[in-house]
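Below you'll find the structure, written out as structure tokens, and then a few comments.
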């Protein structure tokens, strides 16, 4: 059975995509820790990041860095946090979160009632920043 992320990637479930390439995608979390919380997800279903091929690990990190720059430009946080937790969905995903302190990475603080309009605006802000930074992989 495909993971929820595979179903989002395949268009079976909605997602607010900001990036698409041949190996991975990035879309906003529906339960963001902070506005702009984005997930970088490989197209291949791999449960544990330790099982990723080195080339895919490198691609995911490169994409995360590119999107992290866009998040920083769009939201102006102190830092952009990067976390791989992997407990909630058995499909590798990198969390990119605009942070001003370590508490911003605490999953007990996720917004489980995020407004669709706020998520749409955050996604558009990241897309605009990616374009301004010269990236062609911006998803619509």
Evaluate the range 26-37: report whether one residue or more is part of a helix (DSSP H, G or I), at pLDDT 95 or above and in contact with a strand residue (DSSP E or B) (Cβ under 8 Å, 6 or more places away or on another chain). no
The range 83-112: number of residues that are part of a strand (DSSP E or B), surrounded by 17 or more Cβ atoms within 10 Å (Cβ to Cβ) and within 12 Å of the chain's Cα centre (by Cα): 5
Does any residue of the range 113-128 turn out to be within 14 Å of residue 39 (Cα to Cα) and in a loop (DSSP other than H, G, I, E, B)? no
May I ask you to list the residues in the range 46-69 that are in a helix (DSSP H, G or I), under 24 Å from residue 16 (Cβ atoms) and more than 13 Å from the chain's Cα centre (by Cα)? 49, 56, 59
Would you check which residues across the range 16-42 are surrounded by fewer than 21 Cβ atoms within 10 Å (Cβ to Cβ) and either without any contact (Cβ under 8 Å) to a residue 24 or more places away in the chain or out of contact with any helix residue (DSSP H, G or I) (no Cβ under 6 Å at 6 or more places or on another chain) (or both) and list them? 17, 20, 21, 22, 30, 31
Quick one: how many residues across the range 1-15 are part of a loop (DSSP other than H, G, I, E, B) and out of contact with any helix residue (DSSP H, G or I) (no Cβ under 8 Å at 6 or more places or on another chain)? 6
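The values are calculated or read from the model by the stated rules, or taken from the named source; none is laboratory data. Quick caveat, the model's predicted, so the values are computed rather than measured. A quick note on method: Cβ atoms are made from the backbone with ideal geometry, for glycine too, and the neighbour counts reach across all protein chains shown.
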